1. Given a 10 angstrom Cα cut-off, can you work out which residue in A:51, A:68, A:14 is the most mobile in a GNM of chain A?
2. Roughly speaking, what is the stretch gain from residue B:310 to residue B:340, that is 0.36 nm per residue apart minus the C-alpha to C-alpha distance, in nm to one decimal?
3. Calculate, for residue B:303 and residue B:44, the FRET efficiency according to 1/(1 + (r/R0)^6) with r their C-beta to C-beta distance and R0 56 Å; round to the nearest 0.05.
4. Taking springs between alpha-carbon atoms closer than 10 angstrom, which of A:64, A:22, A:47 fluctuates most in the Gaussian network model of chain A?
5. Treating the angle as unsigned and between 0 and 90°, give the value, to the nearest 10°, between the Cα long axis of helix B:87-117 and the longest Cα principal axis of chain B.
6. If I take every Cα pair under 8 Å that is 6 or more residues apart in segment B:303-452, average their sequence separation and divide by the length, what percent do I get for the relative contact order?
7. Can you tell me the orientation of helix B:124-151 relative to chain B, as the angle in degrees between its alpha-carbon axis and the longest Cα principal axis, to the nearest 10?
8. Distance from the Cα centre of segment B:326-387 to that of segment B:123-145, in angstrom?
């Protein structure tokens, strides 16, 4: 095992711990947007897709390369669009209540 | 040499910023107030990563720009057009795209490296990471498509089982392992074995989701999400790219955490969810019994309206039936009508109500229900005793008292919402068919319980009409 690989494994494990720590604090009411947000984040594989399909030597050829980029960007753009739409709907009572309060 | 080091630092610094923005973005999701800002940070992180990537000697612009434009257009169109009730399958399909992309990235990188190696053996860490990325990514891709088809009801939501199912799955897995080992030690047929492993992983993805029923989808969707995360992290090892490792690890951790949480909420291990084919066995045994006539009390919409109007506190218990009937807006109208009359309305949300974690919360948010009117199971359970009416809208198994009392019940031990503690229970249900799991619900025979039969939306609209004329 090289030092380089060991560093990568270190980064991976620390990121897992950060992930558990951060996500453990998300309330259950936001679990669907959370799933969708993390879904968009793993769209980062688009970076890998561009590096594989975009350099001068593209082993997969244009057609498969194109499909690859489409798949990865569907993940990114679809994921963020859906998350944004869901989060825009969440409102606290204060923002909704005035209509009801007028009647009191 | 120095310039090379300098360039590497530039890209990696940008990727580090992306990693930080992703983590902060998730951190801001700890409150509904800041969640949207968090998502924007995460988007900004993605933009930074893409810019840093574009600057790394990309020449195949037609492929990249073309793919990006098509992917973005289709993704944004469907992301906007999809109904909130269809959100679980939408998340599943986008997730599958990510998994498929990861598998193709591994394939491309393997082809490139094999070509450059001129017959020399490849390092094990590279081949192991490549194989893991491809297999996990492909399983996630195919599994997500099956989950999508089930949720979209393009195929049956019931578990699909056949004799020897586990044996077949195990054999496929063994065959994948055989090919994977061959790729890792890179024999002469590395690429052929890789392709076979990739194809078999697709098959395994299909086979492993087939026996999982619709009600267990919250577990499957978060598990598949975690798979794609892990696959993305392994692409980072393949490409020596830290931002992929960090982001993939974050998603993998998140998906795993949610999967375990969902399993816990059903009092079942994740293994049981994945291999138990829950719902198939019990459904057949219930059918065999021929269903002895159960005495239930049914109620009209007018009587329901009267009962609700004179209550002090009403707790609404939404379930998948509310999503199917698209009844969330009618439920919100009912809430407003009752609140005008001074009735306190709260919502009780079971962690596995619906088809994905937090499914009900999103639907009610769409209907303008404030998130602080929604209560978790632990918060609301002591409250049922004080409630005059518990109104169950298309939820079944999560309200089944047998989970608490009947040791022989298949769902015994599953934490439930204690609706039977309320003074009155009104259950909105299409018919007396048993719930997804095919288990009888003694709640319906309780003398306190009355059934309001029919489509949930139509029933609630009828109650609303009656309330307005009162």
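Rule-based calculations on the coordinates, nothing more; no lab input. These numbers come from a predicted model, not from an experiment. Backbone-built Cβ (ideal geometry, glycine too); neighbour counts: all protein chains shown.
1. Looking only at A:51, A:68, A:14, the largest GNM fluctuation is found for A:14.
2. Working: separation 30, 0.36 × 30 = 10.80 nm, distance 1.20 nm.
Result for the pair: 9.6 nm of gain on full extension.
3. Numbers: r = 55 Å, r/R0 = 0.98.
E between residue B:303 and residue B:44, to the nearest 0.05, is 0.55.
4. Between A:64, A:22, A:47, it is A:22 that shows the largest mean-square fluctuation.
5. Once rounded, the angle reads 10 degrees.
6. On the way: 268 pairs, mean separation 36.9, N = 150.
Contact order relative to length: 25 percent.
7. 30
8. Comparing the Cα centres of segment B:326-387 and segment B:123-145, I get a distance of 41 Å.
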